[in-house]
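Single-structure report; data block below.
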Amino acid sequence: MGNNRNVVWHHTSVTREDREGLLQQKGVVLWFTGLSGSGKSTIANAVEKTLLQGGRPTYLLDGDNIRHGLNKDLGFTIGDRQENIRRIAEVSKLFVDAGIITLTAFISPLRQDRHDVRQLLGDRFIEIFMDCSLEVCESRDPKGLYKKARTGEIKNFTGIDSPYEKPINPEITVGTDKQSVEDCAGDIVKYLSQKGFIG
Ligand code: ADP
């Protein structure tokens, strides 16, 4: 870790509350977690589209895209997965500070890692569990990754030879193997409204 002794935090004159007042919404992170193929990207995209149509500024941090840029130096070992999540959480925190409804679509398989994100973001963290059986995820296999994991071409694949720890007490659970995309997205937007994140 770097030496931060001479780095001090600067307080800015424009605050999160100022920005939120302007945007008429609260900065928040919708943290989608679930197996590959459980629908994180699909539902996050649907939610973002609905919010955008309602005039809400949003931003979607998608796992695969982030791994092309900010996190392209990271692989899929436990340590690299942890660092992946830590960086995403810090970036999310900046977006929340900007007053943006931020959506993240990462498998984020470990409870401890998600707990750390919750600690960092406090009441601006909404954990959304994509409840979908491994069988259904594997039958969807939108990127052909399960097939490769089964033949051993990909190692450390979540659900196959790497663990996925289900959330114990997520704010929202959507059953993507039972509910339609529209219903799942609708539940999430409704939650934001009920909790006062959007007016
Ligand atoms: P992830 O981001 O979790 O890896 P994706 O969103 O990329 O998952 O893939 C999920 C796949 O399942 C997509 O091909 C999507 O069209 C399909 N699908 C079918 N029904 C649903 C549903 N109810 N919710 C989400 N995805 C669904």
Karplus-derived HN-Hα couplings along segment 91-98 (A = 6.51, B = -1.76, C = 1.60, θ = phi - 60°), whole Hz, x at Gly and Pro | 5, 4, 4, 5, 5, 4, 4, 7
Gap in Å between the Cα centre of segment 6-50 and the Cα centre of segment 143-189?
-> 21 Å
Of the listed peptides 4-10, 132-138, 33-39, what is their order by residue-averaged count of other C-beta atoms within 10 Å, with the highest listed first?
-> 33-39, 132-138, 4-10
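Over the chain, what relative contact order in percent results from Cα pairs under 8 Å that are six or more residues apart?
Working: 280 pairs, mean separation 64.0, N = 199.
Normalised by residue count, the contact order of the chain is 32 percent.
Ranked highest first by the average count of other Cβ atoms within 10 Å around their residues, in what order do 100-108, 45-53 fall? Walk me through the intermediate numbers first.
On the way: 100-108: 25.7, 45-53: 16.7.
Descending packing order for the listed peptides: 100-108, 45-53.
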Around residue 103, which amide H atoms from residues at least 5 apart in sequence, or from another chain, sit under 5 Å from its own amide H, with H modelled in the peptide plane?
-> 30, 59, 60, 61
The helix 111-121 Cα axis meets the longest alpha-carbon principal axis of the chain at an angle in degrees, between 0 and 90 and rounded to 10, of 10 degrees
Does a label point 7 Å from the Cα of residue 17, set along Cα-to-beta-carbon, have any residues of segment 172-199 with amide nitrogen under 19 Å, and which are they?
-> 196-199
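Using per-residue counts of other Cβ atoms within 10 Å, averaged over each peptide, order 176-189, 57-70 from highest down. The partial results should precede the final answer.
Working: 176-189: 17.1, 57-70: 15.1.
The peptides rank, most packed first, as 176-189, 57-70.
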Taking only Cα atoms of segment 16-194, radius of gyration then Dmax in Å | 15.9, 53
So what's the angle, to the nearest 10 degrees on a 0 to 90 scale, between helix 181-194 and the longest Cα principal axis of the chain?
-> 30 degrees
Taking amide H positions as placed in the peptide plane 1.01 Å from N, state which residues far from residue 162 in sequence (5 or more) or on other chains have amide H under 5 Å from it.
-> 157
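Readers should treat all values here as calculations from the given coordinates under stated rules, not as data from a laboratory. Just so you know, these numbers come straight off a predicted model, no measurement behind them. In this analysis, Cβ positions are derived from the backbone assuming ideal geometry, glycine residues included, and neighbour counts consider all displayed protein chains.
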